[in-house]
Amino acid sequence: MAILDIEHVSKFFGGLAANSDVSFSMEQGMIMGLIGPNGAGKTTLFNCITGYYPPSKGEVTFKGTRLNGLQPDQVCRLGMVRTWQKVRPLAKLSVVDNVMVGALARTSSLRVARELAMEQLKVVRLDHKPDFLAGGLPIGERKKLEVARALATKPELLLLDEVMGGLNPAESEEIIQLILELKKRGLTQMVIEHDMKAIMRISDRIVVLNSGEKLAEGGPREIADNPDVIAAYLGERVE
Amino acid sequence: MLQIRKLNFAYGDLQVLWDVDLEVKQGEIVTVVGANGAGKSTILRNVSRLVRPTSGSITFEGTELSRVPSHKVVEMGIVQVPEARRIFPEMTVTENLRMGSFVKSTRKDRERNMERVFSLFPRLAERKGQLGGTMSGGEQQMLAIGRGLMGNPRVMLLDEPSLGLSPLLVRNIFEIIKEINRQGTTILLVEQNVFQSLRISHRAYVLETGRVVLSGPGAELLDNAHVKKAFLGI
Amino acid sequence: MDRRPLLSRAPRGFSVLGLVLFVAAIAALAAFPSFVKKPYVLHMGVVLFLAIIQGQAWNVIGGYAGQYSVGHAAFFGIGAYVTMMLLELNKTAPWVGIWAAIAAAVLLSLVIGSITFRLRGPYFVLASISVTEIIRLAALHFKDFTRGAEGFLVTEIPTLKIGATEIEFFTKRPFYFAALGLAVVTIIANWAVQHSKLGYYFQAIREDQDAAHSLGINPAFYKNVALAISAAFTAAAGGFYAMFVKFIDPNTVFGLDVSVQFVLICIIGGIGTILGPVIGAMVLVPLSEILRNPKGLVQLGIVSSDSGFVRFIEANLSNAHMLVYGILVVVVILFAPEGVLGVIRRLATRLRRRTPSRGRTEPAATA
Amino acid sequence: MKKMLAPALAALSLALPGAGHAQVKIGFINSITGPEAPIGENLTNGVDMAVEDLKKKGVNVQLIKQDDTGKPQVSMSAMEQLATGDEVAAVVGPYTSATANAVAKLANQYKVPQVVPAAAKEEITKQGYDFVFRLNAPAHQYAQSLIDAASELGKPKTIAFIYESTDFGTSVAAAGKDFAQKKGLKIVADEAYQKGAPDYRSTLTKIKAQSPDLVFMVSYVADAILLMRQSREVGLKPQAFLGGGAGFDTAQFESEKDISNLVFSVTQWTPESSPAAQEFADRYLKKYGKKPTYHAACAYASMTIVGEVAQQAGGDRKKIQEALKAGKWNGIMGSVDFRDYEGFTNQNELVMPVVQYQGGKSVTVFPKQLAKKKAVYPFPGWK
Amino acid sequence: MNVFLQSVISGILVGGVYALIGIGLTIIFGVMRVINFAHGDLLMLGMYATWLVFSRLGIDPFVSVAITGPLLFLWGAFLQKTLINRVLNALPQNQILLTIGLGLIMSNSIMLMFTSDYRILTTTYSSSSFSLGGISISEPLLVAFLITAVITAALYWFLLRTDTGQAIRATAQDRDAAQLMGINVQAMSVLAFGIGSALAGVAGALISPTYYIFPQVGSTFTLKAFVIVVLGGMGSVIGATLGGLIIGVTESLSAVYIASGLKELVVFVLFLGLLLFKPSGLLGKTRA
């Protein structure tokens, strides 16, 4: 059974369609890449899936539960969590406190939450700075912190929104390794990414969005050779 | 004409541009292509001095811009048509165009420039009294370019003019850019639409995560394998 | 970019030193009236404790949960009115009535929260102000119920009997101990909240509501919880104020200046910390008292009654002590937005940097 | 001959070393700043004059002034400080109803004799406080005098009330409504207004629509002027405008000839009442450059009495209280005698004269025995 | 019916001045996104300036508009340049507190200088009125209303027809884009705050003959100005004009048909309802 089903999801803002009739589904344990040019509606789709916007049309089903109308916090408790394109650290809280906030979704004990948090920090290799203020971390570490915080909510599906954006190649590589490691642990992931090299490496399947619609879906190879995708990315070749 | 040397820029601790070198010569169309988030727009924002570079220099006809406040940059003839149009939504077409010639030295040419804009974009002439915010994306883009032309630009900075437009309109816009250049305005263009923009460019730069990785005549880059690789990861 | 301290100041469980200092301070304050008998001094003590309670109460919603309510007079006033009316109209002793006052304020907080929390930023501030204004105007107008502008005056507070001891609320002493007790309870409660899941959730909402939402936190619910906690302590402070000052009317307990005072105590001391409101109160209360009435210093024996200082203030500033408030606010916002506590911290950090042998080594900031 | 007792007591205290020229400390709480300050100033002047006059009589008063800014809670803390910190022998003040009432309770608790000079609220002397004395007439007197005067001058059938929603305003209006009903007048409007937003046009229009025979107003200075200005504007024309003291009984109101003309006001005191009063008024005018209001006179009289009594009692609070209760004085306020009657405790019974502004001058028109001129009634309409 | 018409008319006349106050606040908000809690205090300064030149120099309040306006313009521009400018990018609550602080400083400095006494201006026409079909119209209010109308018209002309006026609007609509047009947005901010303050000051001068003057008079007007501006849509000049009139009439009608003591309460309830159900106001655009 698919862990996530997206059926005919549309989202309108005023008269503008940010997503129209997008459908795809994800299997347990896979990594789904979600790509598309600027303004293609990737982040809007994330918002529709995680409860920030109710979809105007269509359905999102997670582990058999219909998500439409559920709030982000309820979605999180069901086991789906997202990160943000523009990192959103809880700036005036320490690193470990940030992650504890996530862990507290699963426990009310601060002690348990701290242990859980430290574990996640170890996973993302930030366990050497638990007491630093999150707002003072360099961008690469803030991105990792965000992943750790999301992991602390013990998700079954992790949605990553441009975790590599703004990172240098070495940092990006670290994140790629992290994603692959999480996959090895059985975590299902959906990844929005602009770095094509990276997305091609990590994704099992890729969905391409263009001006709100699903343009293509398939394995990385398939996608790279798809002329529609090339046109969407490089512009129409005019002879 | 416009020269960028070793430009570095960071938003906070997020470094966006690394040692960017770029040059625009009189009469050229120069394009910067690159994926989302590569830092293309940031270059233009630095030139227009909406932001201050971390290091490096930007000179326009020999004048170092670091000592020029942003509103003076426009007076020097550097006019930017920003990404997402940024039309003044509560102003009419005419008012928007008038704002394009806010700089004192350009006000005397206002009538003539307006004629020129209306002849380039007859659609705008039909909608003089319409509020900017109520226009379609394509019309807004025309208005944004028209507004830029009102300022007698010597060099025009265009930020993703094709974004969100239908293929037909995209083609149209690029034709007009070419025409503007033919009429004597130097153009620095930032684009995601690689094929279209390279086709009309004299020269182009490829930007990857804040670094210039390739540069050369537009036509050459058009067939360069690296460009494809940079964009599609293949 | 701003240079934030790189190390967290987030609470780290029990600090033995902190606990010892806290207990010592309480003990000293409790013993204080045995040595100093002047009613004026005890009076100032009560005012100070009251300000601390107000600050701590506001801090829960404003400091931790980040919702800048400029309408706390609503809860303060409800606390004062319910306690007062129960005493005056129903002869209910204030230590009983205050629970009803707290309950009323919590109920009110749910109503106000459900209205105002739909709004963010400046709109929230405006909404919180107007809700309170509506209550003030209603209290003024419906005088059959509230006695309107006439207000209420305490006729008599009954004698409190605990075992064999009888406490009469006539002198300053019992008020001093009651205020101290209430302040201690408020501080402990605040500490407990901050060191619980609630505290983490409140701060998460303050730092980034959307991010918090994605981490399983229902912001609307937890903001309401924070407001309810805040309202409860605010109402207690209001009830206490009514009994201590012995007179209330709509303008003195529901006024906009009352709401602003709540915010000021925290802003000046430092927002979102236990110590902040304490410091804020310690700055504001003596300052406004000296400016309003420099004779107080004479009574304390600090200056003589005909000193130039006293004469200067009496001649120039006593009419306008709010002027100094204003200047203080402007200076704090412009130069020390983290409050007095923030300034102290910054100085301390700078001192620590100079002596790198002590404490942990500072990590270099990456560019 | 209780009066003999006081000097005897004073003589006793003289026996104490150094007590002969000891000052008596007297507290004075007043609205020195705040919205009521313009009236408060009259009280301050009156008290200052009293202290000077006392000095001439050999009574050395050390006056401790406290500003209550018109707020009860400030007033109370001022009282506490006077009672426990400065340890004054007695207190004069405060001015407004709300503050005086709040302080009264404390005065009784601390057993500090308090003389209220000019606050109208009934309850102040109705709570059985031994240590609280009031020189001026309470609220019901305001209403009674005015309505009595109007009933005598004409045949009014309806009355409208408009008053500020303060302690003073509601007290006087409440007493007025009570008394009006007793007199068989029909109350056609009862409008309380908020201070600070002085656009009363709508309210006055509404009242005008009821065409009341009498319009009874209770306000402090600024509102009194604006109320009359706007009454003129909307063309409100009853048989008489009745101003319930306070703002309607000030020099500032009097000087607004256009609108004050033919308005009735009730007052605690007029210079016309006795030669002593006239003499006081002249001295006051010379000293402060303006005419004294009843507030000044009440404050002067209160301070004079308290100063004398306190000196004689050697500053002993209990003795002062007893002497105030027992004594009887004659001065610019006429005869002063703090008595218990009709539920009042330590209340001076005072007949309030009614004045009418005629051509920018206030003249006493009621009661008959005090009247200096004939009242103009009914109101002939606006010019 | 007469009562109704009368209260509508006086509501409109008072509302005209309210509109002026609201327009000032909305311009400041539009250009700088700063909510000016000291707005009423600027008005108070205008009142005191009027009172001073009237009582010392005998200049008529309606004439003194020509003095108070420019004076308050300079003062507002100064405040913006030296203080407000520093918090343009700060948290909204810090901006609010800063302006609250400035308001306290202004009102209390005035109190220090002139005491807290209520002042009343008595002009020859203070209580003059004429009757129009049984409805009396206050002369000072009518003159104030007419001056307001002229100033508002002039302001519209300035904002719609001149380059500088358009530049102010452009800055309000899109600060970055305005900068790209060569508009000195810093200067526009100073100008906007100056104009906003001048309008508040002028409003103060205009109501001086019919109002009373005291140092704390501002806070009533600050709150009222917010209601007006939110009602009309934050940043909308036309909205503020409309909002002022609506609030004027609402107050006046609720004083008659509900209760004098409740007229402000009605306004606040209206305000709250609006915040909840149409926070963008009558003419404002919903911002994403």
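The values are calculated or read from the model by the stated rules, or taken from the named source; none is laboratory data. Just so we're clear, the structure is a prediction, and the values are computed from it rather than from any experiment. For neighbour counting, all protein chains shown are included, and Cβ atoms are generated from backbone atoms with ideal geometry for every residue, glycine included.
Summed over the stretch A:68-86, residues that are buried (at least 24 other Cβ atoms within 10 Å of the Cβ) and at pLDDT below 90 total 0. For the stretch E:1-9, the count of residues that are free of Cβ contacts under 8 Å to residues at least 12 places away in the same chain, out of contact with any strand residue (DSSP E or B) (no Cβ under 8 Å at 6 or more places or on another chain) and of a type outside the set (Phe, Trp, Tyr) is nonzero.
There is at least one residue in the stretch E:26-40 that is closer than 30 Å to E:Thr164 by Cβ, at pLDDT below 90 and of a type in the set (Lys, Arg).
A quick yes/no check of all residues on (1) more than 18 Å from the chain's Cα centre (by Cα); (2) within 14 Å of chain E (Cβ to nearest Cβ):
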{"site": "D:Gln230", "(1), (2)": "yes, yes"}
{"site": "D:Leu236", "(1), (2)": "yes, yes"}
{"site": "D:Asp282", "(1), (2)": "yes, no"}
{"site": "D:Pro292", "(1), (2)": "no, no"}
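Answer with yes or no whether D:Asp178 is surrounded by fewer than 24 Cβ atoms within 10 Å (Cβ to Cβ) and away from chain E (no Cβ under 11 Å). Against the criterion (surrounded by fewer than 24 Cβ atoms within 10 Å (Cβ to Cβ) and away from chain E (no Cβ under 11 Å)), D:Asp178 qualifies.
Taking the stretch E:145-178 as the range and being more than 8 Å from chain B (Cβ to nearest Cβ), of a type in the set (S, T, N, Q) and closer than 20 Å to E:Leu242 by Cβ as the test, the residues that pass are E:Thr148, E:Thr152. Annotation note: of E:Ser116, E:Ser107, E:Ser127, the sole residue that is touching a residue at least 60 places away in the same chain (Cβ under 8 Å), part of a loop (DSSP other than H, G, I, E, B) and at the interface with another protein chain (Cβ under 8 Å from one of its Cβ atoms) is E:Ser116.
Do we have E:Val53 as in contact with a Ser or Thr (Cβ under 9 Å, 6 or more places away or on another chain) and either hydrophobic (A, V, I, L, M, F, W, C) or modelled with pLDDT under 90 (or both) here? Judged against the criteria, E:Val53 is a match. Please specify each residue of the stretch A:47-90 satisfying the condition of being more than 10 Å from chain C (Cβ to nearest Cβ), hydrophobic (A, V, I, L, M, F, W, C) and within 30 Å of B:Gln192 (Cα to Cα). If the condition is that a residue be more than 10 Å from chain C (Cβ to nearest Cβ), hydrophobic (A, V, I, L, M, F, W, C) and within 30 Å of B:Gln192 (Cα to Cα), then A:Cys48, A:Ile49 are the ones that fit.
Answer yes or no as to whether E:Val8 is farther than 23 Å from E:Thr171 by Cα and part of a helix (DSSP H, G or I). Judged against the criteria, E:Val8 is a match. Within the stretch A:149-180, restricting attention to residues that are over 14 Å from the mean Cα position of the chain (by Cα) and within 14 Å of chain B (Cβ to nearest Cβ), the residue that is farthest from B:Leu14 (Cα to Cα) is A:Glu173. Restrict the check to the stretch A:28-46 and report whether at least one residue is farther than 21 Å from A:Cys76 by Cβ and either among the β-branched types (Val, Ile, Thr) or in a strand (DSSP E or B) (or both). Yes; the residues of the stretch A:28-46 include at least one that is farther than 21 Å from A:Cys76 by Cβ and either among the β-branched types (Val, Ile, Thr) or in a strand (DSSP E or B) (or both). Counting the residues of the stretch D:100-122 that are more than 9 Å from chain C (Cβ to nearest Cβ) and under 18 Å from D:Gly245 (Cα atoms) gives 7.
The criterion of at least 2 residues that are in contact with a strand residue (DSSP E or B) (Cβ under 7 Å, 6 or more places away or on another chain) and away from every other protein chain (no Cβ under 11 Å) is met by the following helices (runs of 4 or more DSSP H) wholly inside the stretch B:111-213: B:167-182. The set of residues from the stretch D:138-172 being within 12 Å of chain C (Cβ to nearest Cβ) and either farther than 18 Å from D:Ala119 by Cα or not hydrophobic (A, V, I, L, M, F, W, C) (or both) comprises D:Tyr163, D:Glu164, D:Ser165, D:Thr166, D:Asp167, D:Gly169, D:Thr170, D:Ser171. Between A:Leu104, A:Leu34, the distinction of being more than 30 Å from B:Val33 (Cα to Cα) and touching a Phe, Trp or Tyr at 6+ places or on another chain (Cβ under 9 Å) belongs to A:Leu104 only.
The selection criterion, being in contact with an Asp or Glu (Cβ under 8 Å, 6 or more places away or on another chain) and either outside the structural domain of D:Asp167 (by TED's automatic domain parsing) or in a helix (DSSP H, G or I) (or both), does not hold for D:Gln311. Restricting the search to helices (runs of 4 or more DSSP H) fully inside the stretch C:249-367 and requiring at least 3 residues that are more than 14 Å from chain E (Cβ to nearest Cβ) and modelled with pLDDT under 85 gives C:295-299, C:308-312, C:339-354.
Residues in the stretch C:87-126 that are more than 21 Å from C:Gln54 (Cβ to Cβ), at the interface with chain E (Cβ under 9 Å from one of its Cβ atoms) and assigned to a helix (DSSP H, G or I): C:Ile115, C:Gly121, C:Pro122, C:Tyr123, C:Leu126. Exactly one residue among C:Phe233, C:Phe202 is in a helix (DSSP H, G or I), under 16 Å from the mean Cα position of the chain (by Cα) and among the aromatic types (Phe, Trp, Tyr), and that residue is C:Phe233.
Could we say that C:Ile157 is within 14 Å of another protein chain (Cβ to nearest Cβ), in a helix (DSSP H, G or I) and farther than 30 Å from D:Ala173 by Cα here? It is false that C:Ile157 is within 14 Å of another protein chain (Cβ to nearest Cβ), in a helix (DSSP H, G or I) and farther than 30 Å from D:Ala173 by Cα. Scanning the stretch E:49-73 for residues that are closer than 14 Å to E:Tyr212 by Cα and crowded, with 24+ Cβ neighbours inside 10 Å turns up E:Thr50, E:Pro61. Here B:Glu75 meets the list (1) within 14 Å of chain E (Cβ to nearest Cβ); (2) in contact with a Leu (Cβ under 9 Å, 6 or more places away or on another chain) almost entirely, failing just condition (2).
Scoring B:Pro82 on the criteria (1) closer than 23 Å to B:Gly216 by Cβ; (2) within 14 Å of chain E (Cβ to nearest Cβ) leaves a single failure, condition (1).
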